[in-house]
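In what follows, a single structure is set out as structure tokens and then discussed.
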């Protein structure tokens with residue numbers, strides 16, 4: 001499908017129409033997809049009543065829209081290119097015909113295990129084509145997939161299985177990330193000791209590792225297929241039937257199972273994908289996110305295939321076997337759109353430009369970032385060294401709960417601005433609120449700042465928290481009645497461009513000054529010795545709150561006694577003396593989730609001296625980092 005928005009005028013016209021005539025606008029967009037029963041209504045319900053529904057009288061099958069509908073024109077086009085962890089192993093390509101056959105066959109296999117529409121299926125797999133096939137097979141049946149990132153522990157896996165009541169687990173023997181082997185089946189077996197709802201386990205022999213198989217419960221992927229017919233007619237699903245559950249950590253309590261439904265999610269993913277990335281039929285799209293996170297769901301899989309593109313799936317890490325691996329993959333597969341995280345960019349900046357030597361990146365035409373606000377230094381490096389100064393960069397803001405991109409430039413169409421997400425998608429009406437919930441009006445002459453909220457429902461928004469709708473209401477719809485509460489702060493300039501300043505808890509009031517921690521981090525990262533930083537607030541007897549900075553330095557650097565003073569002077573110069581961190585701690589690394597996000601709530605607790613109540617830490621990549629930081633906390 002071609003983008004609907006190709007000029008600035010198109011954008012402004014579409015945004016206005018989406019607000020003034022929302023139902024007509026979204027029905028027209030919805031009908032760019034194939035429906036079994038065409039919807040006659042767009043939005044039902046409201047944020048106030050917490051019962052938002054989209055296209056509820058329509059019926060469809062999402063897997064059909066991702067695969068089957070493309071076969072007449074694109075059947076022999078690559079749908080998935082798989083790049084394994086080991087560069088000495090050959091890449092694997094699945095055409096749309098290949099994908100069609102394998103999704104049908106595996107869907108029939110799941111049906112033979114007693115999977116029906118509405119059943120929950122847990123997918124705990126490496127980054128490989130079969131993970132995508134399993135998701136599409138669930139969508140074809142109407143089963144609800146719950147993908148758990150393959151880096152989670154047995155306890156975390158068990159918690160997610162039990163919360164959603166999954167009846168089937170799909171996993172693999174093991175896989176490698178760099179030189180590290182993750183023995184998935186062994187981890188799954190440990191989890192399965194505490195998951196009474198699981199009836200059957202399907203195991204993909206991915207690495208060839210020897211695993212234990214429990215008779216009557218476990219069977220290999222190929223054996224399941226051999227027992228079943230290769231044809232499966234897609235089930236007719238209602239637009240509001242659940243499509244998937246995806247867990248995201250909260251500041252307290254257990255992770256939240258965010259529920260997305262079928263029709264609205266399809267429309268939102270497809271529309272935002274082709275318009276933000278300005279896709280063409282020849283694009284090779286590479287999203288580096290893991291399939292276990294929302295970016296992998298919405299853009300690596302569903303957004304790309306809904307639009308008939310080729311999507312790249314990479315199993316490994318950016319630095320294996322060396323720091324040039326990303327650039328090798330782009331060169332090898334002629335990737336035209338790269339969508340990655342600022343964390344990955346900053347990690348590659350630390351390796352310098354030598355790994356880029358001899359790599360042909362001329363196929364790239366669009367770059368994107370996702371997951372957190374990108375700092376200015378990383379944006380410039382990405383633009384200059386990867387985009388060669390020619391590729392537009394879309395700095396996308398969105399969340400697991402939003403289903404897809406909410407604020408972003410449109411590549412090469414609307415203006416981009418370093419560190420700014422810029423403009424809302426059509427259908428999105430962002431507002432800035434003060435602490436009392438009053439809207440902060442736009443000012444034609446100055447930039448304003450506040451709490452980012454969304455005024456109207458949009459098709460891709462989550463519907464609930466699995467099994468606990470009250471928690472969903474209390475988290476997202478109660479804090480500011482009549483709005484979706486994002487939990488983020490933002491700045492809006494006179495042009496209407498938005499810059500995300502970090503979580504609301506990360507907007508610190510120091511002596512009456514509101515300071516966005518992302519802005520301070522941006523300045524700290526400019527120092528030649530700083531690779532990455534995180535700034536949080538802590539209680540201060542005089543100022544109310546003060547700033548605490550955790551700083552990661554480049555390998556081999558040895559900051560002297562003047563280092564902290566240099567950083568404070570830099571902040572004073574770039575922002576003002578009021579924004580200087582009171583405390584600066586040099587750390588080996590920052591505590592991060594496996595999707596690359598900094599776990600700021602832990603850093604806030606440590607800075608404030610609360611070391612006994614750190615909340616949910618199951619998503620941390622390296623829990624030892626917390627102990628190291630705790631030992632060095634500045635009192």
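For the structure I just gave you, tell me whether residue 139 is buried (at least 24 other Cβ atoms within 10 Å of the Cβ), without any contact (Cβ under 8 Å) to a residue 40 or more places away in the chain and farther than 30 Å from residue 180 by Cβ. Spell out the reasoning first.
Working: buried (at least 24 other Cβ atoms within 10 Å of the Cβ): yes; without any contact (Cβ under 8 Å) to a residue 40 or more places away in the chain: no; farther than 30 Å from residue 180 by Cβ: yes.
It is false that residue 139 is buried (at least 24 other Cβ atoms within 10 Å of the Cβ), without any contact (Cβ under 8 Å) to a residue 40 or more places away in the chain and farther than 30 Å from residue 180 by Cβ.
When you scan segment 493-504, do you find a residue that is at positive phi, assigned to a loop (DSSP other than H, G, I, E, B) and not assigned by TED's automatic domain parsing to the domain that holds residue 159, even just one?
Looking through segment 493-504, at least one residue is at positive phi, assigned to a loop (DSSP other than H, G, I, E, B) and not assigned by TED's automatic domain parsing to the domain that holds residue 159.
Mind telling me which of the residues 589, 549 ends up being in a loop (DSSP other than H, G, I, E, B), under 30 Å from residue 149 (Cβ atoms) and free of Cβ contacts under 8 Å to residues at least 60 places away in the same chain? So that I can check it myself, show each step before the final result.
Working: 549 fails: in a loop (DSSP other than H, G, I, E, B).
Going through 589, 549 in turn, the sole match is 589.
Checking the condition assigned by TED's automatic domain parsing to the domain that holds residue 61, assigned to a loop (DSSP other than H, G, I, E, B) and within 17 Å of residue 64 (Cα to Cα), which residue from 105, 76 passes?
The unique qualifying residue is 76.
Residue 627 is checked against (1) over 21 Å from residue 519 (Cα atoms); (2) part of a helix (DSSP H, G or I); (3) touching a residue at least 12 places away in the same chain (Cβ under 8 Å) and fails just one. What number does that condition carry?
All conditions pass for residue 627, except number (3).
Residue by residue through segment 5-42, note down the ones that are in a helix (DSSP H, G or I), out of contact with any helix residue (DSSP H, G or I) (no Cβ under 9 Å at 6 or more places or on another chain) and without any contact (Cβ under 8 Å) to a residue 60 or more places away in the chain.
Within segment 5-42, 9, 12, 13, 16, 20, 23, 27, 28 qualify.
Mind checking which pairs have a first residue in segment 466-486 that is not assigned by TED's automatic domain parsing to the domain that holds residue 402 and a second that is assigned to a loop (DSSP other than H, G, I, E, B), Cβ under 6 Å, 6 or more apart or different chains?
Short answer, once both residue conditions are applied: none.
Would you check if residue 290 is in a helix (DSSP H, G or I), assigned by TED's automatic domain parsing to the domain that holds residue 151 and farther than 18 Å from residue 34 by Cα?
no
Among the residues of segment 142-155, count how many are in contact with a strand residue (DSSP E or B) (Cβ under 6 Å, 6 or more places away or on another chain) and either without any contact (Cβ under 8 Å) to a residue 40 or more places away in the chain or part of a strand (DSSP E or B) (or both).
Of the residues in segment 142-155, 5 are in contact with a strand residue (DSSP E or B) (Cβ under 6 Å, 6 or more places away or on another chain) and either without any contact (Cβ under 8 Å) to a residue 40 or more places away in the chain or part of a strand (DSSP E or B) (or both).
Name the one entry in 211, 203 that is in a strand (DSSP E or B), closer than 30 Å to residue 321 by Cβ and in the same structural domain as residue 129 (by TED's automatic domain parsing).
Working: 211 fails: in a strand (DSSP E or B).
So the residue among 211, 203 that is in a strand (DSSP E or B), closer than 30 Å to residue 321 by Cβ and in the same structural domain as residue 129 (by TED's automatic domain parsing) is 203.
Look through 310, 343, 319 and report the one residue that is over 14 Å from the mean Cα position of the chain (by Cα) and at pLDDT below 95.
Testing whether each residue is over 14 Å from the mean Cα position of the chain (by Cα) and at pLDDT below 95 leaves just 319.
Six or more apart or on different chains, Cβ atoms under 6 Å: show the pairs whose first residue is in segment 156-169 and more than 20 Å from residue 134 (Cα to Cα) and whose second is in a strand (DSSP E or B).
163/257
Of all residues being within 27 Å of the chain's Cα centre (by Cα) and either at pLDDT below 95 or crowded, with 19+ Cβ neighbours inside 10 Å (or both) in segment 36-52, which is nearest to residue 484 (Cα to Cα)? Just the residue, please.
47
The values are calculated or read from the model by the stated rules, or taken from the named source; none is laboratory data. What you are looking at is a predicted structure, and each value in this text was computed from that prediction instead of being measured. Reconstructed Cβ throughout: ideal geometry from the backbone, glycine too, with neighbour counts over all protein chains shown.
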